[in-house]
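Let me begin by presenting the structure, written as structure tokens, before commenting on it.
Readers should treat all values here as calculations from the given coordinates under stated rules, not as data from a laboratory. Small disclaimer: the values here were computed from a predicted structure and weren't measured. Don't worry about glycine lacking a Cβ; one is built from the backbone with ideal geometry, like all the others, and counts go over all protein chains shown.
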Amino acid sequence: MLIDSHAHLDEPYLRDNLSAVLERARLEDVKKVVTIGVTPASSRKCMEIAARYPEVYATVGYHPHWAKGAGPERLTEIETLARDPAVAALGEIGLDFHHFHSPRKPQLELFRNMLEIASTLGLPVIIHDRKAHEEVYDILFEFRARLTGGIMHCFSGNWDLARKYLDWGFFLSIPGPVTYSSSHDLREVAQKAPLDRILLETDAPYLTPAPHRGKKNEPAFVRYTAMEIARIRNTSLEKIARVTTENVFNAFRIQELETRGGPDPETHRPEP
Ligand code: NI
């Protein structure tokens, strides 16, 4: 069993075909999907999808792209949504100094506001960091002691930066571009990071892995990411699937332990 730990099922391409998208995922053994909120409205949609489909978990978040519209009412809305016990994490949140859909100042303010909410509610955070490695690291450093846990979504740093987040107990989420031969840093991180701290994600409908590059991405394609990581690490797809599935339940706030797919055969052998 595989889990896509980061998809945007509320995006029209996926939302309008959701049953078919989830069925195609199931056929590839992708049995769970975490759908990630990026605004108050998107977060609400993600929560609705998770309520309707038992194989979907939802997060509530406010992406830096939309920071300039994040007035007090919308921040309150995020906090209210995030109090729902079904919420698996607070994210995605962070900084994007590549696209600059919002100016720098509101991005920094929103990021701090979101980290306050996550700290208060005891929710792990999902971090978007695009060309903002230093600023993201410095702000997380301030909040680090108060945070319950962290996931570096679509990790885009090098191995040196990866090690810093691993030292904090954070998880590194590996997206489809690990299948591109040009992704040197990402492939190095996927090879060197401890397997119990790696998550697999699609970021669907974006970042489609190599065999389908150019098409829209969907949760079923997380399988290609898993296969590539197995190849890079010279291990089996089964092992990658088993450990990264366990990792999702350690990284996110997900209580349904029975969905783990049974005990781990290697660590839970029956007594002789
Ligand atoms: Ni995303």
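Per-residue packing, averaged as other Cβ atoms within 10 Å, sorts the ranges 66-74, 111-119 into the order 111-119, 66-74, beginning with the highest.
At what distance in nm do the modelled label points of GLU23 and GLN191 sit from each other, each positioned 7 Å from its Cα along Cα→Cβ? For the pair GLU23/GLN191, the computed spacing is 4.1 nm. Among the lysines of the chain, pairs at least eight places apart or on separate chains and with Cα atoms under 19 Å apart come to 9. Seen through its C-alpha gyration tensor, with square-root eigenvalues sorted a ≥ b ≥ c, segment 1-148 comes out prolate because a/c lies at 1.5 or above while a/b is bigger than b/c. Once backbone amide H atoms are built at 1.01 Å from N, LYS216 has no partners under 5 Å, excluding neighbours fewer than 5 places away on the same chain. Fully extending the segment from ARG163 to MET227 would add 20.7 nm, taking 0.36 nm per residue of separation and subtracting the current Cα-Cα distance. Under a model in which nothing but the beta-carbon of Lys, Arg (+1) and Asp, Glu (-1) is charged, segment 133-257 shows a dipole of about 400 debye around its Cα centre.
A Förster radius of 45 Å combined with the Cβ-Cβ distance from HIS212 to PHE141 puts the calculated FRET efficiency at roughly 0.75. Note on the chain: with charges restricted to the Cβ of Lys and Arg (+1) and Asp and Glu (-1), its dipole about the Cα centre is near 380 debye.
Rounded to the nearest 0.05, what FRET efficiency do THR235 and ARG104 have when you use their Cβ-Cβ distance and R0 = 45 Å?
0.60
Computed over the chain with a Gaussian network model linking Cα atoms closer than 10 Å, the most mobile of SER19, SER173, SER156 is SER19.
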